[in-house]
Amino acid sequence: MVFTGEGKGKTTAALGMGMRAWGQGKKVLVLQFIKGRWRYGELNTAAQLGENFEIRQLGEGFTYLDNEITMEEHQAAARAALKAAGEELALARVDMLILDEILYALTLKLVTLEEIMDLLDKKPAQMHLVLTGRGAAPEIIARADLVTEMKEIKHHYAKGIKAQEGVEF
């Protein structure tokens, strides 16, 4: 399953799917390829859901922020997230694996299309795999069973409204 596009809501849609699976007694793991260092509201929710819903922040944060994190550090974090994803696919101990912002990591050239396609090849038949992020490659779209594109029509950032607690984080 793929949630892509320029609009808001890709991670939110994937987490909603994860909550639905959790509600049916499934084990869900979210590996975040970009997000890290900030405390997002969904982390607090996951902590309340217990051991069958886990979010791991493996990224170094957004690359466009003016901080002292180099692209090499972002790439190393993405590589570690990719390795963790491969291990989870091999172990097959979760029912749903969400690779949050992996497609954005591809756009930023932190991971390669070949590496993502290799992950898709390793997916156990019984596991649900969800990919999020802008710019899904045609090869990924072709492989997916479900693709949703979020299209931005209007966003409050355009009015100068900054990220809001409970809405963006």
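The values are calculated or read from the model by the stated rules, or taken from the named source; none is laboratory data. Values in this document were obtained by computation on a predicted structure and should not be read as measured data. In this analysis, Cβ positions are derived from the backbone assuming ideal geometry, glycine residues included, and neighbour counts consider all displayed protein chains.
Just a few scattered comments:
- Picking from residues in the range 21-57 that are among the aliphatic types (A, V, I, L, M) and out of contact with any helix residue (DSSP H, G or I) (no Cβ under 9 Å at 6 or more places or on another chain), the one that is modelled with the highest pLDDT is Ala21.
- Sole exception among (1) in a helix (DSSP H, G or I); (2) surrounded by 15 or more Cβ atoms within 10 Å (Cβ to Cβ); (3) of a type in the set (Asp, Glu) for Glu60, by number: (1)
- Test: residue in the range 138-151 that is at pLDDT below 95, closer than 15 Å to Gly9 by Cα and among the acidic types (Asp, Glu): no
- Near pairs, Cβ below 7 angstrom, 6+ apart or cross-chain, from the range 21-33 (in contact (Cβ under 8 Å) with a residue 60 or more places away in the chain and at positive phi) to any residue that is surrounded by 15 or more Cβ atoms within 10 Å (Cβ to Cβ) and basic (Lys, Arg): none
- Residue check for Gln75: closer than 24 Å to Arg39 by Cα and among the polar types (S, T, N, Q): yes
- Flag not set for Glu60, criterion: out of contact with any helix residue (DSSP H, G or I) (no Cβ under 9 Å at 6 or more places or on another chain), of a type outside the set (Gly, Ala, Ser) and more than 25 Å from Glu149 (Cβ to Cβ).
- Hits in the range 129-165 (condition: surrounded by fewer than 12 Cβ atoms within 10 Å (Cβ to Cβ) and among the polar types (S, T, N, Q)): Gln164
- Tallying residues that are touching a helix residue (DSSP H, G or I) at 6+ places or on another chain (Cβ under 8 Å) and either in contact (Cβ under 8 Å) with a residue 40 or more places away in the chain or polar (S, T, N, Q) (or both) within the range 103-158 yields 19.
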